[in-house]
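Written below as structure tokens is the structure these notes are about.
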Amino acid sequence: MKEILKKYKFLVVVLILVVLVAIRFLLTDRFKQGAEKNAIPAFTHSNVMQSSNPKFMAATSLIVYIDSPKQRFSAHSNILAINSSDILTKSTLQAIKKSERAILVSDDPSLSARCWMLMAQKGVTNHFAYFTGDEEDFKYQFQPDTNSYH
Amino acid sequence: MNARQKISIILVATSLMLLFLPGIGEYSFQEKPGKMVQWINDDDSFVTVDEVAVLLNKDEPVFQLIDLRSEEAFKLFNIPGSINIPFQQFFEKQPETWLYNHEIQYIFYGNGDVNSNYALVLARGLGYENCFVMKGGLNEWFNTVMNSKFSGERITPRENALFENRLKARQYFTAINSLPDSLKIKFAESKRQAARSLDGGCN
């Protein structure tokens, strides 16, 4: 045994390294590397899906209701209802990966945004967030007081 | 095993390691998914506009507001004391250079709730736990603070305190955003000096 170890010690070291790397690679309880790259659809808004989009109601889309939203798309045949605490469970991720695209629907834009980003960082790439599209529009007008510095 | 074989094996092993290690200079989430999911629906990660108004009126260095809107929108008006990190430039601006102080609260805001919550997940995932979101963004700030009105005959002490807080924050917001850029810093400094002298400090 000693003789073998001495003769192939480099091979043993390589084997250990490979095993360590494989363990790290196969660990599921971690986020995907490259947070910036994972977040690109949020920066470009290409992760937003509106109900007027034909892809939204397509049979290949999976509608994911998060925390029982009021707005329902009952005409859709492919629906998954989950709690926000279950967004990263194995079954949820598997269901999303199986579908062509998944659309996250919730009543709270904050929750949809958080869920979308967490899934993106977990390595999901075929998911969208259902927004009306005007969430980040400024809805008021600021009137400066031009007398304040005279 | 000859030297050439040994070197080859070392090179192959190193390549394998590099293949799976995070890229140099690449940001990656530090937190575990389980921990991140725990606070996803947690109200403690939100700060209300009234709480921001209190912080603004007190003007103590315990918080930093981060405006995630575009540079142009920021120049038109912003909540006094904010710094501008356009959401699209979150990583370009290197989070470690503007989220470096672990002693204070960083409060993100945009016009609504979407970009600020994306940014919050990114910041917390990178390990900056002292980050929060101003719930409702600037739309809620205008709705609650800038457009606050009291209509009624009687006012309770609690309502009065709330109204006073909003009024002070509104006056400060309007005054500083009505000034030319060259006078904004002087105005903020004079406000601090006035507050110090009211507290019995030195000018």
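The values are calculated or read from the model by the stated rules, or taken from the named source; none is laboratory data. All values derive from a computational prediction rather than experimental measurement. Note that we place each Cβ from the backbone using ideal geometry, even for glycine, and neighbour counts take in every protein chain shown. Surface accessibility is based on the protein's heavy atoms, side chains included, excluding ligands, DNA and RNA. Shrake-Rupley method; radii C 1.70, N 1.55, O 1.52, S 1.80 Å.
Overview of results
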| item | result |
| --- | --- |
| Residue under evaluation A:Ala35, criteria (1) of a type in the set (A, V, I, L, M); (2) open to solvent by 60 Å² or more (accessible area, probe 1.4 Å); (3) over 25 Å from A:Asp134 (Cα atoms); (4) at pLDDT 95 or above, criterion not met | (2) |
| When residues of segment A:111-150 are limited to those that are open to solvent by 60 Å² or more (accessible area, probe 1.4 Å) and under 16 Å from A:Phe43 (Cα atoms), the one nearest to the other protein chains (Cβ to nearest Cβ) | A:Asp137 |
| Residue identified as surrounded by fewer than 16 Cβ atoms within 10 Å (Cβ to Cβ), modelled with pLDDT of 95 or more and more than 14 Å from chain A (Cβ to nearest Cβ) among B:Glu96, B:Glu153, B:Glu103 | B:Glu103 |
| A:Ile40 vs. criteria under 22 Å from B:Lys32 (Cα atoms), in contact with a helix residue (DSSP H, G or I) (Cβ under 7 Å, 6 or more places away or on another chain) and among the β-branched types (Val, Ile, Thr) | no |
| Check on B:Glu159, within 17 Å of B:Leu56 (Cβ to Cβ), at pLDDT below 95 and surrounded by fewer than 17 Cβ atoms within 10 Å (Cβ to Cβ) | no |
| Within segment A:1-120, strands (runs of 3 or more DSSP E) holding 2 or more residues that are within 25 Å of A:Glu136 (Cα to Cα) | A:61-66, A:101-105 |
| Near pairs, Cβ below 7 angstrom, 6+ apart or cross-chain, from segment B:90-111 (closer than 12 Å to B:Ala123 by Cβ) to any residue that is among the small types (Gly, Ala, Ser) and open to solvent by less than 50 Å² (accessible area, probe 1.4 Å) | B:Phe90/B:Ala119; B:Pro95/B:Ala123; B:Leu99/B:Ala123; B:Phe108/B:Ser116; B:Phe108/B:Ala119 |
| Residue list for segment A:79-110, restricted to those being among the hydroxyl-bearing types (Ser, Thr, Tyr), more than 8 Å from every other protein chain (Cβ to nearest Cβ) and in contact (Cβ under 8 Å) with a residue 24 or more places away in the chain | A:Thr92, A:Ser99, A:Ser106 |
| Lone unmet requirement of (1) open to solvent by 20 Å² or more (accessible area, probe 1.4 Å); (2) in contact (Cβ under 8 Å) with a residue 12 or more places away in the chain; (3) polar (S, T, N, Q) for B:Ser82 | (1) |
| Contacts under 9 angstrom Cβ, first residue in segment B:170-186 being within 7 Å of another protein chain (Cβ to nearest Cβ), partner aromatic (Phe, Trp, Tyr) and open to solvent by 90 Å² or more (accessible area, probe 1.4 Å), 6 or more apart | B:Ala175/A:Tyr149; B:Ser178/A:Tyr149; B:Leu179/A:Tyr149; B:Leu183/A:Tyr149 |
| For A:Asp29: the one exception among (1) surrounded by 12 or more Cβ atoms within 10 Å (Cβ to Cβ); (2) in contact with a helix residue (DSSP H, G or I) (Cβ under 9 Å, 6 or more places away or on another chain); (3) at pLDDT below 85 | (1) |
| Verdict on A:Pro41 being at pLDDT 95 or above and not basic (Lys, Arg) | yes |
| Number of positions in segment A:38-59 that are surrounded by fewer than 17 Cβ atoms within 10 Å (Cβ to Cβ), within 14 Å of chain B (Cβ to nearest Cβ) and of a type outside the set (S, T, N, Q) | 2 |
| Filtered residues of segment B:56-82 (kept if aliphatic (A, V, I, L, M) and either within 24 Å of B:Glu92 (Cα to Cα) or touching a strand residue (DSSP E or B) at 6+ places or on another chain (Cβ under 7 Å) (or both)) | B:Val62, B:Leu65, B:Ile66, B:Leu68, B:Ala73, B:Leu76, B:Ile79 |
| Among the residues listed as A:Leu20, A:Leu62, the single one being more than 8 Å from chain B (Cβ to nearest Cβ) and open to solvent by 80 Å² or more (accessible area, probe 1.4 Å) | A:Leu20 |
| Options B:Tyr27, B:Tyr109; residue that is within 12 Å of chain A (Cβ to nearest Cβ) and under 23 Å from B:Ser148 (Cβ atoms) | B:Tyr109 |
